[in-house]
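The values are calculated or read from the model by the stated rules, or taken from the named source; none is laboratory data. Just so you know, these numbers come straight off a predicted model, no measurement behind them. Virtual Cβ from ideal backbone geometry, glycine too; neighbours counted across all protein chains shown. The accessibility values were calculated without ligands, DNA or RNA, using every heavy atom of the protein model including side chains. Shrake-Rupley method; radii C 1.70, N 1.55, O 1.52, S 1.80 Å.
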Amino acid sequence: MLNALILAGGVGKRFWPKSTSIKPKQFQKIIGNKTMIQQTFERISRLVPEERIFVIVAKEHQTIVSEQLELSKSNILVEPKGRNTAAAIALGIRNLNSNDVAIALPSDHYIPDIDRFIFTLRTATSFAANKPVIVTLGIKPTRPETGYGYIEVDPEHLKTMGGTIASSPIPVKRFHEKPDLETAKSYLASGNFFWNSGIFIFIFRVDTMWNAFEKYMPRLYELFKSSRTIEEVYDLLEPVSIDYGVMEKAQNIYMIPANFTWSDVGSWDAVYELGQKDENGNHSQARVAIFKNSKNCAVFAEGKRVVVANLEDVIVVAENNDILVIRRGTTQDVKDIELPNTSG
């Protein structure tokens, strides 16, 4: 039986002031007229029956999930505290059958090519259902990017991929940390490296993942298999990502190329890049936005009037009583800004 685990953690630091710890990015309308988690739910429901879709969410956001998604209470799995993605996946598969197949995916990514996305997942789930493997997705790099990790595969396997929309999964040779520029250039030139870009989709049979936890994360495995309550389990767990805890250690990892348009929408810069622009490169999400002698700027201020004059490469975000003004290309720095009250 096929299941989906939507991982809806996150504290909203990168999209302040619109996103806050009370209502982080995944529950906001960042792109389009629906929230990020609503778009994710609609996409995956093309493949997985709604009664087999589970949302793993922090305790403080349980009510928001109930408001935004028509889900049974039993399909909302609440984490007592944040313990990173390995724990979230373990919680998600805790009550599934050992021969079930699960897709673990993020709640806050942008994937407009839904048909190709579903086709890719069908290929991956069919493969994972019949083999003791964990399948992940890789993005073919288009530039020497230093902000992503990389997945290395055997070049001989790439020759068999052909030109189909989604090729058969190929074994992963090694995961690499974020490189410096020269190393990234060498990765791009080799042709057998893919971005491990945070697309963060894993496909596996439940017993395969439990076996991986038992081998590589025995503490987590023992706690979840014990008779302790979830609160007790989470109190005793260390926060560990599934990438570090399992993916970088296991030998049964396969990758399938993600041949569809995708963005992790990781910053206000990313939203600007995805948005429609006028002849001067300006983008607006506001009731009224006037750009006077300005180029390559963006305004995110729903319901407000904003004037941007005599500026270039500036992003303005206004939400309630908070305003952010920041230069394009630096919006990743928002997460590092210390605020006296991020929920205000």
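Would you pick out the residues in the stretch 199-209 that are open to solvent by 30 Å² or more (accessible area, probe 1.4 Å) and touching a strand residue (DSSP E or B) at 6+ places or on another chain (Cβ under 8 Å)?
Phe200, Arg205
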Item to check | Within the stretch 12-49, tally of residues that are in contact (Cβ under 8 Å) with a residue 24 or more places away in the chain, in a helix (DSSP H, G or I) and not aliphatic (A, V, I, L, M) | outcome: 11
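With the structure loaded, tell me whether Arg52 is over 19 Å from the mean Cα position of the chain (by Cα) and either modelled with pLDDT of 95 or more or β-branched (Val, Ile, Thr) (or both) or whether it fails that test.
Details: over 19 Å from the mean Cα position of the chain (by Cα): yes; either modelled with pLDDT of 95 or more or β-branched (Val, Ile, Thr) (or both): yes.
So Arg52 fits the description; yes.
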Checklist entry - Where in the stretch 68-159 are the helices (runs of 4 or more DSSP H), entirely inside, with at least 2 residues that are open to solvent by less than 50 Å² (accessible area, probe 1.4 Å), within 30 Å of Tyr187 (Cβ to Cβ) and touching a residue at least 60 places away in the same chain (Cβ under 8 Å)? => result 84-93, 114-130
Item to check | Evaluation of Glu232 against (1) within 22 Å of the chain's Cα centre (by Cα); (2) at pLDDT 95 or above (one fails), failing number | outcome: (1)
Checklist outcome for this item: Taking first residues from the stretch 210-229 that are open to solvent by less than 100 Å² (accessible area, probe 1.4 Å) and second residues anywhere that are among the hydrophobic types (A, V, I, L, M, F, W, C) and in a loop (DSSP other than H, G, I, E, B), the pairs with Cβ under 7 Å that are 6 or more apart or on different chains are Ala212/Ala250; Tyr216/Ala250; Met217/Val240; Leu220/Leu237; Leu223/Leu237
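Tell me, which residue of the stretch 183-198 that is of a type in the set (S, T, N, Q) and either at pLDDT 95 or above or under 22 Å from the mean Cα position of the chain (by Cα) (or both) is most open to solvent (accessible area, probe 1.4 Å)? Full working, then the answer.
In the first step, residues of the stretch 183-198 are kept if they are of a type in the set (S, T, N, Q); the result is 183, 186, 190, 192, 196-197.
Remaining after also requiring either at pLDDT 95 or above or under 22 Å from the mean Cα position of the chain (by Cα) (or both): 183, 186, 196-197.
Values: Thr183: 46, Ser186: 61, Asn196: 41, Ser197: 6 Å².
So, considering only residues that are of a type in the set (S, T, N, Q) and either at pLDDT 95 or above or under 22 Å from the mean Cα position of the chain (by Cα) (or both), the one most open to solvent (accessible area, probe 1.4 Å) is Ser186.
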